[in-house]
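Derivation of every value follows stated rules applied to the coordinates shown; laboratory data play no part. Keep in mind the model is a prediction, meaning the values are calculated, not measured. For neighbour counting, all protein chains shown are included, and Cβ atoms are generated from backbone atoms with ideal geometry for every residue, glycine included.
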Amino acid sequence: MPVPNEFRNLVEQQRPYLVRFTALQLRDVDAVEDVVQETLLAALNAEASFTGRSNLRTWLTGILKHKIIDAIRRVSRERMAFLRRAVKKLPAARTAAVPDAAAGR
């Protein structure tokens, strides 16, 4: 098992690959950097669970995929919260003025 500084260096060497992989999935520069940073931190915190049975890049990619999914879910929740706030700000008259399709028959 590598010593902590050696492990950190091995993980950090994979950063360019992680950035490319994430950029293909998210296409948002800020989100890419955040997700890669979260992945690297998670990997360093989980160093003891890396047993070497798989390639380091494979192990990191597994962590990265979960972090990408988390980021997509987070953005989705943020968008829904924004839309809910926007709808609440609409005047009641505007929402009541929408005709009911069944009423027009």
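Do you know which residues across region 1-46 are out of contact with any Pro (no Cβ under 7 Å at 6 or more places or on another chain) and touching a residue at least 40 places away in the same chain (Cβ under 8 Å)? Talk me through it step by step, then tell me what you get.
Initially, region 1-46 is screened for residues out of contact with any Pro (no Cβ under 7 Å at 6 or more places or on another chain), giving 1-9, 11-46.
Residues satisfying the conditions are 1, 4, 7, 11, 14, 17, 18, 21, 22, 25, 26, 31.
Filter region 25-49 for residues that are surrounded by 10 or more Cβ atoms within 10 Å (Cβ to Cβ) and out of contact with any helix residue (DSSP H, G or I) (no Cβ under 9 Å at 6 or more places or on another chain); which is farthest from residue 5 (Cα to Cα)? Filtering region 25-49 for residues that are surrounded by 10 or more Cβ atoms within 10 Å (Cβ to Cβ) and out of contact with any helix residue (DSSP H, G or I) (no Cβ under 9 Å at 6 or more places or on another chain), the one farthest from residue 5 (Cα to Cα) comes out as 37. For region 50-86, filtered to residues that are of a type in the set (Phe, Trp, Tyr) and assigned to a helix (DSSP H, G or I), the residue that is surrounded by the fewest Cβ atoms within 10 Å (Cβ to Cβ) is 82.
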